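The structure under discussion appears below in the form of structure tokens.
A short reminder: the numbers here are calculations on the coordinates, not readings from a lab. In this text the structure is predicted, and so the values were computed from the model without any measurement. Here the Cβ is made from the backbone with ideal geometry for all residues, glycine too, and neighbour counts use every protein chain on show.
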């Protein structure tokens with residue numbers, strides 16, 4: 001029994017040592033967009049007009065500094081389409097969204 005206790009304590013100390021040497025997680029990042037509500041033309045009349053949106057996204061840290069080379073992904077509400085880009089040195093990226101779709105009967109969407 002004393003041997004198992006010593007082996008257990010050695011293992012416990014090894015785990016604690018590994019945890020104390022683990023890298024610290026990065027600080028939180030935030031993103032803003034240049035719009036929070038968008039309206040799309042109605043497609044109920046059979047109109048096949050192509051709609052393109054440019055969505056400016058800024059990614060910044062907790063001290064309001066832009067984060068460069070951040071991957072940004074925007075998903076459609078049904079999660080079937082994704083649009084992505086990489087931020088510049090100031091933390092900005094423009095996502096080109098072609099033919100955005102909202103659920104049937106909805107003409108407005110809110111970006112969260």
Task: Residue-span extension gain [residue 56 to residue 86] - 0.36 nm each, minus C-alpha spacing - done: 9.6 nm
Open item on the list: Just to be sure I understand the model, the point goes 7 Å from the Cα along the line to the Cβ. What's the resulting residue 21 to residue 69 distance in nm?
Closed with: 2.6
Task: Sorted peptide list for 24-31, 64-71, criterion being average Cβ within 10 angstrom, highest first - done: 64-71, 24-31
